[in-house]
Amino acid sequence: MYDVVIIGAGVTGAAVAWKLAEYDIKTCVIEKCSDVCEGTSKANSAIIHAGYDAAVGSLKAKLNVRGNEMMDKLCEDLDIPFKRIGSLVVCIHKEALPGLKELYDRGVKNGVKGLKLLSKEEALLTEPNLSDDTEGALFAPSAGIICPFELNIAMAEVAAMNGTEFKLNTEVKDIKKDADGSFRIITDTGELRARYVVNAAGVYADVIHNMVSAQKNHITQRRGDYCLLDKQAGGHVSHVIFPQPTDLGKGVLVAPTVHGNLIVGPTAIDIEDKEGTATTAEGIGELTQKAGSHVKSIPMNKVITSFSGLRAHEDNNDFIIEEVSDAPGFIDCAGIESPGLSSCPAIGEEVCDILKKLMNLKKKENVITKRKGVRRTEGLSAEEMNALIKENPAYGNVICRCESITEGEIIDAIHRPLGAKTLDGIKRRTRAGMGRCQAGFCMPRTMEILSRELGMSYEDITKSGGSSNIVLERTKEEAER
Amino acid sequence: MKNSYDIVIVGGGPAGLAAAVAAKEAGNDSILILERDKELGGILNQCIHNGFGLHTFKEELTGPEYADRFKQRVFELGIDYKLGTMVMNIDGDRTVTAMNRDDGMFTIPAKAVILAMGCRERARGALNIPGYRPAGIFSAGCAQRLVNIEGYMPGKEVVILGSGDIGLIMARRMTLEGAKVKVVAELMPYSGGLKRNIVQCLDDYGIPLKLSHTVVDIEGKEHIKAVTIAEVGPDRKTVPGTEERYTCDTLLLSCGLIPENELSVSAGIEMNPVTGGAVVNESLETSMPGIFACGNVLHVHDLVDYVSEEAKRAGQNAVKYINAGCREGNTEGNIEIVAESGARYTVPKTVDTGRMEDLLTVRFRVGDVYKDSFVSVYFDDERVMHNKKRIMSPGEMEQIVLKKNDLADRKNLRKITVKIENE
């Protein structure tokens, strides 16, 4: 019997696990995919929002601002790249200027610090590549950019290091409430029992909720297409640039990433399919056109990949983080769309506070609160490199030439807590394959390392679990040998 | 490995090997090849089909055999080389920084550097193909490595986007391995590959080539299940109603090669946006004195024989440069070579009659298919060459030869223009 089972190992589930790992309880995280960070958490804008967008008094506003405040220490403790570069909401129509002021006022009420309304001249001075139509901008210095994979993975790693179990490749099929008040969680790999359940299932949070509650929830999948541009384009803007928001969201942003690329997106299209992450030509066309309205001359010929993510939009347009009234002990984290990434550590706290009222949460002794990420070679001096290579020659062997990722880094990613078992797992932990050639060069080399380190056959190596195998079988010639 | 070398060659593929052999044969004894792979030979090692070397050796060799001819010369001549070594940086003062397991990170000052890094394939992301991003999508060269080097089949039902030579070769290779190659779709109204490859790799196996077609959707969340192919109009936009769905477990991409010039760009070398390679003069020297370029890093070639020939000149010119005391040799000033009207670029881009050999081969590609047209060369405004060609296509390199005597006769010549003319 677990004290708490968390369903979903995205950024929300990982944050809850990270926070609960401080307490002396038995926790298990269940994830249907082969790795943590496989859903919405891997495909988003990678932004830590300031917090002026959400409605005053909403849970989104409260947790975004709190999450943003927590981010510096969290990223330092967990060794995650995070840069507070600030954001600009750009107004390109004079008649829309009052909208900027509204946003400013809302931000002040939400407790966002440092907000400033900029004149056209100030805005263009801050960010020279803004549209020539710029009429003014709202500057929020506390907005930042982060690596969402690392944030998600690091929180999960820390939880695992503190004893939290992770059951990957495990899909919840049904949840039953037993007479003693505990839950039976029926999965495709067996049954688990838990006193408390946290639903952090992203776009599936309604499905999971509806297994235990008569008051049905509904999540809409709101797809967003993105383009990621080459590092050559990374300096096109130096802040996160938003248009003015609409009912559908914060609009198509243009921002540098923490690793030096440029990200453009997302669109917002409501779809039925909870797995519908296919991009469309229309979507890419739309984001190109929309981004161009507030940032000029974006070099879209430098796109290295495009992708889409699904926002888990709840009908009431706010996060739902609460104990389900007709299912005591079952806690929803539903509707965690943007600013979910920004809010995640605060969501962890919030869930912890709810559980504190329900159960006896006692702080564990010797809690691990810090973690070192994959040891990076980027930016090391020749002396540091040589010391590292002397200690472990694998750091002298460059595998991914686009991002200069060495064999040492890949081996580290494989053998750390909750280590990588797939090509995407290695990519998200090291960036191998994330550069301009998109793994065309390093894929066979990474497969060789994965096969050797984990004793996997080539046929069993996948891109991201399930049926995503890379090769089918031996060639005729090899099979005859 | 010594602490310094006269010539450091970045890349041990066909270009690097030929440059090294030529430099040694021109009398230089201090040459180092840096190669990132586990063996010399570059991409030729995975090109196990034949058809290499008809020009160079007057016989048909496989890729590994062709590479081996040069490798054996490198061994015989005792040229130094380092394997498993990635070059991390090249400075304008010709200091090369590289890294490997055994030596760690090291720098080598050189008198001359020869860039021979080759090229890479355009990836799916750069093509902006919509749809899912499942497993089973490979650049043709990546699949070629998996099949020919690792010995694994990516799948059994194949669709190929792009008709570049590697894609065509892989259509045949996958077929011989028992896969069904259903179609090759090419966005352009002409193939990007060699005519002989279309005949020998597609036609001979009954594989359809659909020109002016592209992939408009990819299905399959985890593994690719199907693609949709549609016709494109002259504006390269999809023609509605022409969509055809092909079930498949593999999509290969052969949509163009990009010279691998990250090192050149960060060294500050001037690049030609048309070729993606460095701008070079008649000596194949870049805008940085003493840094030479050859092979596919300079411009993507159709035949390896031309790579070897070009690299030989780069190797010889590097030695000349060193022998002249690392100064520009006898110079008469640059004459610009301009590509116009159908000719997309020329390599080299300038010629100095003081330094040029008696004959200078100028290579270029055309931007469209031309039938019964003329390759014309103008010295300033005067047409001096007008050669009829039955067919020219973007997949094949063209060349003209300039004679030193012709240029030396015209003291005030400033511009040589290469263009394609109908009559």
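The values are calculated or read from the model by the stated rules, or taken from the named source; none is laboratory data. Remember, predicted model here, so these are calculated numbers, not experimental data. Neighbour counts run over all protein chains shown; Cβ positions are idealised from the backbone, glycine included. Each accessible area value is taken on the protein alone, full model and side chains, heavy atoms only, with ligands, DNA and RNA left out. Shrake-Rupley method; radii C 1.70, N 1.55, O 1.52, S 1.80 Å.
In table form, for the structure just shown:
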| item | result |
| --- | --- |
| Within the accessible area of the protein assembly as shown (1.4 Å probe), percent carbon and sulfur | 48 |
| Exceeding the 30 Å Cα-Cα cut-off - candidates B:LYS182/B:LYS312; A:LYS73/A:LYS302; B:LYS156/B:LYS389; A:LYS372/A:LYS463; A:LYS83/B:LYS82; B:LYS24/B:LYS404 | B:LYS182/B:LYS312; A:LYS73/A:LYS302; B:LYS156/B:LYS389; A:LYS83/B:LYS82 |
| Nearest 10 degrees, 0 to 90: helix B:165-176 Cα axis against chain B principal axis | 50 |
| Distance between the stretch A:201-241 and the stretch B:224-247 - C-alpha centres, whole angstrom | 29 |
| Distance from the stretch A:1-31 to the stretch A:127-171 (C-alpha centre basis), Å | 20 |
| Inter-part distance where the stretch A:248-308 and the stretch B:319-393 are each reduced to a Cα centre, Å | 43 |
| Kirkwood Rh, Cα atoms: Rg over Rh of the stretch A:382-480 | 1.01 |
| Neighbourhood charge, 13 Å Cβ-Cβ cut-off, centred on B:ASN45 and excluding it, Lys, Arg +1 and Asp, Glu -1 | -2 |
| Extreme residue, positive dipole direction of the protein assembly as shown, given options A:CYS227, A:TYR104, B:MET170 (C-beta unit charges) | A:TYR104 |
| At 1.567 mPa s and 4 °C, Stokes diffusion of the protein assembly as shown via Kirkwood alpha-carbon radius, µm² per second | 44 |
| Distance in nm between pseudo-label sites at A:GLU282 and B:ASP203 (7 Å out along the Cβ direction from Cα) | 4.2 |
| Which of A:HIS259, A:HIS209, A:VAL198, positive extreme of dipole for the stretch A:163-306 (C-beta unit charges) | A:HIS259 |
| Cβ charges +1 (Lys, Arg) and -1 (Asp, Glu), total dipole of the protein assembly as shown, debye | 560 |
| At R0 = 25 Å, FRET efficiency that the Cβ-Cβ distance of B:ASN50 and B:GLU396 yields, to 0.05 | 0.85 |
| Solvent-accessible area buried by pairing A with B, both sides, nearest 100 square angstrom, 1.4 angstrom probe | 4200 |
| Charged-residue dipole, Cβ positions (Lys, Arg, Asp, Glu), the stretch B:179-247 about Cα centre, Debye nearest 20 | 140 |
| Mean Kyte hydropathy of -1.0 or more with a Cα span along the axis of at least 18 Å, helices from DSSP in chain A | A:59-78, A:97-110, A:148-161, A:281-294, A:340-358 |
| Spin-label model distance (nm) - A:LYS296 vs B:ASP372, 7 Å beyond Cα toward Cβ | 5.0 |
| Charge context of A:THR27, other residues only, Cβ under 9 angstrom, K/R +1, D/E -1 | -1 |
| Antiparallel bridges, percent of DSSP beta bridges restricted to chain A (to nearest 5) | 75 |
| The stretch B:214-360: C-alpha gyration tensor shape, a/c 1.5 cut-off, then a/b vs b/c | prolate |
| Folded to 0 to 90 degrees: helix B:63-76 orientation relative to chain B principal axis, Cα | 30 |
| Tilt relative to chain B, helix B:304-323 - C-alpha long axis, 0 to 90 degrees, to 10 | 20 |
| D_trans [Stokes-Einstein, Kirkwood Rh over alpha-carbon pairs] for chain A, 37 °C, 0.692 mPa s, µm² s⁻¹ | 141 |
| Total charge dipole magnitude, the stretch B:220-284, about the Cα centre, Cβ charges on Lys, Arg, Asp, Glu only, Debye to nearest 20 | 300 |
| FRET efficiency estimate (nearest 0.05) - Cβ-Cβ, B:CYS326 to A:LEU380, R0 25 angstrom | 0.20 |
| Over the stretch B:80-196, volume per residue of the alpha carbon convex hull, in Å³ | 198 |
| Label-point separation, A:ASN129 to A:ALA55 (7 Å along Cα→Cβ), nm | 3.6 |
| Whether the stretch A:176-219 is rounded, prolate or oblate, judged on the alpha carbon gyration tensor where a/c under 1.5 counts as rounded | oblate |
| Cβ-Cβ FRET estimate between B:ASP409 and B:SER266, R0 fixed at 41 Å, reported to 0.05 | 0.45 |
| Antiparallel DSSP beta bridges within chain B, as percent of all bridges there, nearest 5 | 60 |
| Unpartnered cysteines - no second Cys beta carbon under 4.7 Å - across chain A | A:CYS28, A:CYS33, A:CYS37, A:CYS75, A:CYS91, A:CYS147, A:CYS227, A:CYS333, A:CYS344, A:CYS352, A:CYS402, A:CYS437 |
| Size-normalised alpha-carbon gyration radius of chain B, reference 2.2 N^0.38 Å | 1.02 |
| For A:PHE330, net neighbour charge (Lys/Arg +1, Asp/Glu -1) across residues whose Cβ lies under 13 Å away | -1 |
| Fluctuation leader among B:ARG410, B:ARG124, B:ARG365 - chain B, Gaussian network, Cα springs under 10 angstrom | B:ARG410 |
| Helix-only [θ]222 nm of the protein assembly as shown, DSSP H runs n ≥ 4, -39500 (n - 2.57) each, per residue, nearest 500 | -7500 deg cm²/dmol |
